[in-house]
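Below: the structure, in structure tokens.
The values are calculated or read from the model by the stated rules, or taken from the named source; none is laboratory data. Being a predicted model, the structure only gives us computed values, none of them experimental. Reconstructed Cβ throughout: ideal geometry from the backbone, glycine too, with neighbour counts over all protein chains shown. In case anyone asks, the SASA skips ligands and DNA or RNA and just uses the protein heavy atoms, side chains included. Shrake-Rupley method; radii C 1.70, N 1.55, O 1.52, S 1.80 Å.
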Amino acid sequence: MAKTQKIGLWTSTSLVVGNMIGAGVFLMPAAMATFGSVSLLGWVFSAIGSFFLAKVFSNLSRILPNSTGGPYAYARHGLGDFAGFLVAWGYYLATACANAAITVSFVSALSAFFPVLATNMVAAIATGLSAIWLLTWINTRGVAVSGSVQLITTALKLVPLLIISVGGLFFIKAANFHPFNNSNTSLFGAVTATAAMTMFSFVGIESATIPAGNIQDSKNTVAKATLLGLLIATLVYILGTVSVMGIIPANVLRQSVTPFADAAVVMFGPSAKYWVSAGVAIAAFGALNGWTLLQGEMPFAIAKDGLFPGIFRKQNSKGMPYIGMAISGVIVSSFMAMNYTKALVEQFRFLLLLSVFTMMVAYLFSVIAYAIISLKSSTMNGKRASAIVLAILAFVYILWEVAGAGPNSVFSGFILLMAGVPLYAWSVWKRNEKQESGHL
């Protein structure tokens, strides 16, 4: 019988923070500099919208505690099997693409210490594969082991970010925040564009809801971890961007490929760029660990309900879906290798674009399910009006973000979601066949 392991509040919070704060945050100030300091408003609007979303997940975790699968479980409970499947299918593909991208970021960060990784494709792929399979193995050792790695790497990645985010406030120059709007568009257009970019940094806010069955007192812990994780990440994002933008002139920042490292050099001297690079590597490694856990838990939850191939629900003695994790490892490895094959680089970037849309679909369905569940749940007596208002605010925000992703992403993402429908039909047929034979 599988041995059940549980994680607590701080480990659950580290899963949320660790999955949200990946290596990409270290590059964000340079990307935002193109728009000017108006981009800070993009962070603010994304943070507010993400708070609505975090509150939705927080409330759902209290209404439906121990619901492994998070967005999938909520969508299935509120909207039925097919909606739940679409959420899980899109989420599964999105995490596979995200893990491949995170692995590439990890290898890129290590190239600061091992230059051969920037020039030798074989060495880069071998390093990436080593990270993927090491963390796949760690995650099969149990959620407590994976959680310990997540807690340590999250603490380590926050050190350089907080040093620059808080310490950098003493080095900023007001002149570096000009011009305010350099986007050649209206204020609304600039805020919309930057909010769409910054929203991606809040993906992962739902992380604590997915392994809910493995969390101590999940009814309260998941809700607290989700909101606490959002608070920590938001402070790091906004303070970090303010500091880096205030330290480095806008025309220089726009060209920077290592904005946090460049800010650290101004603050502490040339050697500082190495510990920032180490922070990037740790951030990527920690995010890869957290998303690897979720990539195993999501298909396990669907398979357990008979909506995905049964092989994904097989567990080892630690209670982990080891076969599903291994299959996921193969998929991530393939996507990662695509990035290092010139002929497939564009396809890899295309997959990343699609993954953003499918993740937003999971959020949209979760918000709609929240509204329906709130209307039906007896625990929401006296709270239904505020729940509907929250659902509307979160829905409008996510829909705004979907629009910001662009028509190509939405169209192609829809095709990707529909590509999973035959798998759903087959899974339902197999489930019904087992029910009729009395085996399920």
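Points worth noting:
- Considering only residues in segment 60-77 that are of a type in the set (A, V, I, L, M) and open to solvent by 10 Å² or more (accessible area, probe 1.4 Å), the one that is farthest from Ala301 (Cα to Cα) turns out to be Ile63.
- In segment 213-227, the residues that are without any contact (Cβ under 8 Å) to a residue 12 or more places away in the chain never reach a residue that is assigned to a loop (DSSP other than H, G, I, E, B) with C-beta atoms less than 6 angstrom apart, at least six apart or across chains.
- The single residue among Ser58, Ser67 that is under 30 Å from Gln216 (Cβ atoms) and either β-branched (Val, Ile, Thr) or at pLDDT below 90 (or both) turns out to be Ser67.
- All of (1) at negative phi; (2) under 15 Å from the mean Cα position of the chain (by Cα); (3) buried (at least 24 other Cβ atoms within 10 Å of the Cβ) hold for Ala96 with one exception: (3).
- Across segment 289-304, a minimum of one residue is classified as among the aromatic types (Phe, Trp, Tyr) and modelled with pLDDT of 90 or more.
- Only one of the numbered conditions (1) within 30 Å of Thr341 (Cα to Cα); (2) over 17 Å from the mean Cα position of the chain (by Cα) is violated by Ala83, and that is (1).
- Extreme residue, modelled with the highest pLDDT, among residues of segment 388-409 that are more than 25 Å from Leu60 (Cβ to Cβ) and open to solvent by 40 Å² or more (accessible area, probe 1.4 Å): Pro407
- Applying the criterion of at least 3 residues that are open to solvent by less than 10 Å² (accessible area, probe 1.4 Å) and farther than 30 Å from Trp429 by Cα to the helices (runs of 4 or more DSSP H) found wholly in segment 240-352 leaves 259-268, 272-304.
- Among residues of segment 411-440 being among the polar types (S, T, N, Q) and over 18 Å from Gly90 (Cβ atoms), the one that is modelled with the lowest pLDDT is Ser437.
- Being part of a helix (DSSP H, G or I), open to solvent by 50 Å² or more (accessible area, probe 1.4 Å), touching a residue at least 12 places away in the same chain (Cβ under 8 Å) and over 25 Å from Gly69 (Cα atoms) holds for only one residue in Leu162, Leu158, and it is Leu162.
- Evaluation of Gly80 against (1) open to solvent by 10 Å² or more (accessible area, probe 1.4 Å); (2) at negative phi (one fails), failing number: (2)
- For beta carbons closer than 7 Å, sequence separation of 6+ or different chains, a first residue in segment 252-275 that is closer than 17 Å to Leu162 by Cα and a second that is of a type in the set (S, T, N, Q), the qualifying pairs are Ala261/Ser277; Asp262/Ser256; Ala263/Ser243; Lys273/Thr258.
- Segment 202-226 - residue that is closer than 21 Å to Val367 by Cβ and surrounded by fewer than 19 Cβ atoms within 10 Å (Cβ to Cβ) and, of those, modelled with the lowest pLDDT: Lys219
Per-residue answers, yes or no, for (1) in contact (Cβ under 8 Å) with a residue 24 or more places away in the chain; (2) open to solvent by 10 Å² or more (accessible area, probe 1.4 Å):
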| site | (1), (2) |
| --- | --- |
| Phe106 | yes, yes |
| Phe113 | yes, yes |
| Ala118 | no, yes |
| Ala123 | no, yes |
| Gly128 | yes, no |
| Ala131 | yes, no |
| Val143 | yes, no |
| Phe170 | no, yes |
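- A single entry from Phe45, Phe51, Phe57, Phe85 fulfils the requirement of being touching an Asp or Glu at 6+ places or on another chain (Cβ under 8 Å) and either surrounded by 22 or more Cβ atoms within 10 Å (Cβ to Cβ) or under 26 Å from Tyr237 (Cα atoms) (or both): Phe57.
- Here Ser183 passes the criteria (1) open to solvent by less than 50 Å² (accessible area, probe 1.4 Å); (2) assigned to a helix (DSSP H, G or I) except the one numbered (2).
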